[in-house]
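Asks: First, the structure itself, so that you have it in front of you.
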Amino acid sequence: MTPLAAATILLALSAALLATGCQSTQDKSAELEAKGGTAFKEKGLKVRVASKDVKVLSKTVLSDENGAAVVVDLKNTTDRPLVTVPVAIDVTDAKEKSVFKNDDPGLEPSLVGVSLLGAGKSIAWVHDQVLATGKVSAVEVKPGKDKGGAPEKLPEIEVGPAKLVTDPTSGVAAEGKITNRSDILQRELVIYGVARQGDKVVAAGRGQIEKLAPGKDATYRIFFIGNPRGARIELAAPPTALE
């Protein structure tokens with residue numbers, strides 16, 4: 001083989017390898033681009049099948065000059081804790097037309113479900129950011145299947161009694177102390193507050209503690225939709241971090 005022929009063959013092989021490498025890179029880039037197009041898309045809440053483990057005991061729609069809220073009394077009918085229970089709501093007006101659903105992408109977890117529902121326990125879940133497109137009248141509720149995986153020992157969050165105070169800007173609020181009795185740091189801890197006169201829900205709201213270290217306490221503040229004065233105030237703060 002002449003030197004010229006050998007050089008020609010070597011050049012051809014190099015070109016073939018380069019072409020193969022470029023094609024592989026292009027294919028990989030296309031694959032990553034295709035995945036990237038969907039990997040970071042946020043999806044809104046959608047409960048297709050209602051959970052058989054969670055019973056809706058009652059549901060209430062509230063409204064005043066500050067906005068609208070939904071209160072749902074939920075009961076865990078099983079003998080095991082339920083973790084991350086989705087709660088889909090569809091708020092309607094007097095003509096049964098939908099004016100709000102909590103299915104927008106990016107909503108904080110406490111507005112689309114309950115982080116923990118103890119075995120055989122009940123909780124009054126509150127959504128106080130109902131941005132309705134009309135006058136609210138009723139609500140349909142569909143709790144979904146929990147994700148499971150509760151640890152044997154659950155964190156204990158103690159919510160102290162509430163004292164009503166008047167804020168010059170935002171109106172009546174409930175204040176009290178919340179304590180993390182566990183050894184697990186809690187973040188974005190939500191306190192649900194529901195005011196009842198007899199069995200009737202007359203006001204509801206939520207408070208939030210950004211971070212609560214193990215063994216520490218903090219002061220919570222809950223602003224209400226409705227008027228809580230003279231009513232019995234029920235409080236709940238399910239842990240957000242379980243282990």
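The values are calculated or read from the model by the stated rules, or taken from the named source; none is laboratory data. Please read these numbers as outputs of a predicted model, since none were measured by experiment. Glycine also receives a Cβ, built like all others from the backbone with ideal geometry; neighbour counts cover every protein chain displayed.
Asks: Go through segment 199-219 and count every residue that is over 19 Å from the mean Cα position of the chain (by Cα) and over 15 Å from A124 (Cβ atoms).
Replies: 7
Asks: Out of curiosity, is S170 of a type in the set (G, A, S), closer than 27 Å to V99 by Cβ and surrounded by 14 or more Cβ atoms within 10 Å (Cβ to Cβ)?
Replies: No; evaluated as a whole, the condition is false for this residue.
Asks: Being crowded, with 16+ Cβ neighbours inside 10 Å and either under 18 Å from G113 (Cβ atoms) or without any contact (Cβ under 8 Å) to a residue 40 or more places away in the chain (or both) is true for just one of L57, L82, L62. Which residue is that?
Replies: Answer to the check: L82.
Asks: Continuing with this model, one more query. Looking at (1) surrounded by 14 or more Cβ atoms within 10 Å (Cβ to Cβ); (2) closer than 26 Å to N76 by Cα, which one does F223 not meet, given that it meets all the others?
Replies: Here F223 clears every test but (2).
Asks: Give L164, L212 a once-over and let me know the one that is under 27 Å from K59 (Cα atoms), outside the structural domain of K59 (by TED's automatic domain parsing) and modelled with pLDDT of 95 or more.
Replies: Checking each option against the conditions leaves just L164.
Asks: Which one is surrounded by the fewest Cβ atoms within 10 Å (Cβ to Cβ), of the residues in segment 176-201 that are of a type in the set (G, A, S) and either assigned to a strand (DSSP E or B) or in contact (Cβ under 8 Å) with a residue 24 or more places away in the chain (or both)?
Replies: To start, the set of residues in segment 176-201 that are of a type in the set (G, A, S) comprises 176, 182, 193, 195, 198.
From what's left, either assigned to a strand (DSSP E or B) or in contact (Cβ under 8 Å) with a residue 24 or more places away in the chain (or both): 176, 182, 193, 195.
Values: G176: 18, S182: 20, G193: 29, A195: 27.
Going through the qualifying residues, I end up with G176.
Asks: Would you mind telling me which numbered condition in (1) surrounded by fewer than 18 Cβ atoms within 10 Å (Cβ to Cβ); (2) of a type outside the set (A, V, I, L, M, F, W, C); (3) touching a Ser or Thr at 6+ places or on another chain (Cβ under 7 Å) G118 fails?
Replies: Condition (3) is where G118 drops out.
Asks: Still on this model: Return the pairs, sorted by first residue and then second, in which the second residue is in a loop (DSSP other than H, G, I, E, B) and at pLDDT 90 or above, the first residue lies in segment 154-175 and is acidic (D, E), the beta carbons are less than 9 Å apart, and the residues are 6+ apart or on different chains.
Replies: E156/R181; E156/S182; E156/P239; E158/R181; E158/A237; E175/A162
Asks: Going residue by residue through segment 230-243, is there one that turns out to be touching a residue at least 12 places away in the same chain (Cβ under 8 Å), in a loop (DSSP other than H, G, I, E, B) and out of contact with any strand residue (DSSP E or B) (no Cβ under 9 Å at 6 or more places or on another chain)?
Replies: yes
Asks: OK, next. For K145, state whether it is out of contact with any His (no Cβ under 7 Å at 6 or more places or on another chain) and surrounded by 12 or more Cβ atoms within 10 Å (Cβ to Cβ).
Replies: yes
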